[in-house]
1. So residue A:87 passes all but one of these: (1) in contact with a helix residue (DSSP H, G or I) (Cβ under 9 Å, 6 or more places away or on another chain); (2) surrounded by fewer than 21 Cβ atoms within 10 Å (Cβ to Cβ). Which condition number does it fail?
2. Filter segment A:113-131 for residues that are within 11 Å of chain C (Cβ to nearest Cβ), closer than 15 Å to residue A:185 by Cα and surrounded by 24 or more Cβ atoms within 10 Å (Cβ to Cβ) and give the result.
3. Those residues that are assigned to a helix (DSSP H, G or I) and over 20 Å from residue B:195 (Cβ atoms), I need them from segment B:130-170; list them, please.
4. Take the residues in segment A:132-146 that are of a type in the set (A, V, I, L, M, F, W, C) and at pLDDT 90 or above; name whichever of them is surrounded by the most Cβ atoms within 10 Å (Cβ to Cβ).
5. Under the condition of being closer than 20 Å to residue A:22 by Cα and in contact with a Ser or Thr (Cβ under 6 Å, 6 or more places away or on another chain), which residue from segment A:162-188 is surrounded by the fewest Cβ atoms within 10 Å (Cβ to Cβ)?
6. Return the only residue of C:163, C:158 being farther than 20 Å from residue C:50 by Cα and within 14 Å of the chain's Cα centre (by Cα).
7. Before we move on, is residue C:108 touching a helix residue (DSSP H, G or I) at 6+ places or on another chain (Cβ under 8 Å) and modelled with pLDDT under 95?
8. Name the single residue that is nearest to residue A:31 (Cα to Cα) among those in segment B:194-204 being among the small types (Gly, Ala, Ser) and surrounded by fewer than 20 Cβ atoms within 10 Å (Cβ to Cβ).
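The values are calculated or read from the model by the stated rules, or taken from the named source; none is laboratory data. It should be emphasised that the depicted structure is a prediction, and the values quoted were computed from it without experimental measurement. FYI the Cβ positions are ideal-geometry reconstructions off the backbone, even for glycines, and counts take in every protein chain you see.
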Amino acid sequence: MATASLFHDLLHWLDYVGVAVFALSGALAAARKGLDPFGFMVIGVATGVGGGTLRDILLDLGPVFWVTSPNFLAVAVLSALFGWFIAQHLKSRLSLLVWADAVGLAIFAVLGAEKAYAAHSHWAVVAVMGMVSATFGGLVRDILCNELPLLLHKEIYALAALAGAVTYFVGVSVFDATVASLFAGAAVCFLIRAAAIRYNLALPAYKQK
Amino acid sequence: MATASLFHDLLHWLDYVGVAVFALSGALAAARKGLDPFGFMVIGVATGVGGGTLRDILLDLGPVFWVTSPNFLAVAVLSALFGWFIAQHLKSRLSLLVWADAVGLAIFAVLGAEKAYAAHSHWAVVAVMGMVSATFGGLVRDILCNELPLLLHKEIYALAALAGAVTYFVGVSVFDATVASLFAGAAVCFLIRAAAIRYNLALPAYKQK
Amino acid sequence: MATASLFHDLLHWLDYVGVAVFALSGALAAARKGLDPFGFMVIGVATGVGGGTLRDILLDLGPVFWVTSPNFLAVAVLSALFGWFIAQHLKSRLSLLVWADAVGLAIFAVLGAEKAYAAHSHWAVVAVMGMVSATFGGLVRDILCNELPLLLHKEIYALAALAGAVTYFVGVSVFDATVASLFAGAAVCFLIRAAAIRYNLALPAYKQK
């Protein structure tokens, strides 16, 4: 009982953090495009809630999460405005954008996997839903800003989210460790992505012979 | 009773007008791309019903509105064909496109807000849903036609839709004036957008110091 | 009873074939972009299941088909990996991409129409749903790969899907011939699209006078 409640509080807080960091990455993308404060908010909200929105639609979980919990909109708006104020003072907006995106990727990979798992989905669906939740917000951001999606950069990206989601699934279904699995999955995703950013890790690309 | 029925008739007619003007804006975008008549219809229908479709999906209101009321498809197709015939005779297709879009923006801002309000949503959700309904059709149009979305132009756009949706919410929840609030919200949105088009009104954009 | 069961088996197998050929077209698009094997899988899955996913969301048919039948994910992944291995050995990847897309278009046009018909939709909704199911996966592929969507090429494309869906509707509602209508609809769509590819058939495009 206490564990279940702790677990749900934790999910809730992680969700806020994930929305906030993705919204921040959206604001920094808006700064790169020279948009106005309202543009920061629009891109910030779309990036922050995009992944979870698609997840809720695909799983058909009723109205999407921010319709039932509008606090998430406030978090995204505040985070986007924070991005407006700090963007001026950054040496590299792109670098913070990429790292905020990496933190959001890790959080939404496990949260997406958790929602699919809680809906009794097949493990492959759990894995794909973790990946979709983690990558879709950033994809919307990059399409709106007309940038090459991080998803299509050569450094490992969606694969990290998949690894995090699978780690969560294994942890929770084999070891029945809900809280530990959340952290383990997020850590696996973040470390793979961080290594990919830091060392330009990439899978071997297709080459026409 | 009579008022409720008048109100629903009004919503219905506004919906047709909104779909028609957005479909027209889609057809004019298709003209700029030199598409064939069927391309006009595809872009016209996608633009005309896009915003309301996303609204119905996010609120989880069952099958989207044009599945249950296919008349809207006919309206969009006829409007797109009308666009095909008049495009030749226009001095400025872009100008009519932008003004048709402004009318659609105003109508869908209040209709989106109304649907969210009728579903007992929080005021922030009412506001965001007005904005999403009003801007998404045009966004689909601009992405399909590979134009810079009006949403990202520097003139005020999504903010006008937000103002219209908030006006509707205040009118209906504080003053309990359903019909008057619809017109007031649409007028606020249209006037802000019209001023933005006419005088190039823009919020101060982000500038790297 | 036997016919109904045959019919449902057929639908199921056609669905697998449609997902597989669209996933293959996605993999070939990934090859043209020089992505890594995981990128092949991401684009392959998005292309393979994209159209059916939007169809299920618009009709509000509960969780989308691959959430309830994750086998489709496996088919898409395997087909994308198959694309990775054969892409090297092709003289023209673009040509196979376009033909795989044509086969998928024909299959999803009738399957999309069938799902809408089974949900008791109006004939116009049946027609549009066939077109949406048939074209959306390829549209996602082309937007992700930043190519001009086949949908907007001048050769006949979405119109072929519409013709296939209408053929299916007429066959099933007028002649009550479920299996024959599936094949007739798919054949009509494929033949129109094949003629369009082979002979560059196009409707007369809009020209500014």
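1. (2)
2. A:116, A:126, A:127, A:128, A:129, A:131
3. B:132, B:133, B:136, B:137, B:139, B:140, B:141, B:142, B:143, B:144, B:169, B:170
4. Residue satisfying both the conditions and the ranking: A:134.
5. Among them, the one singled out is A:188.
6. From the options C:163, C:158, the qualifying one is C:163.
7. No.
8. B:202
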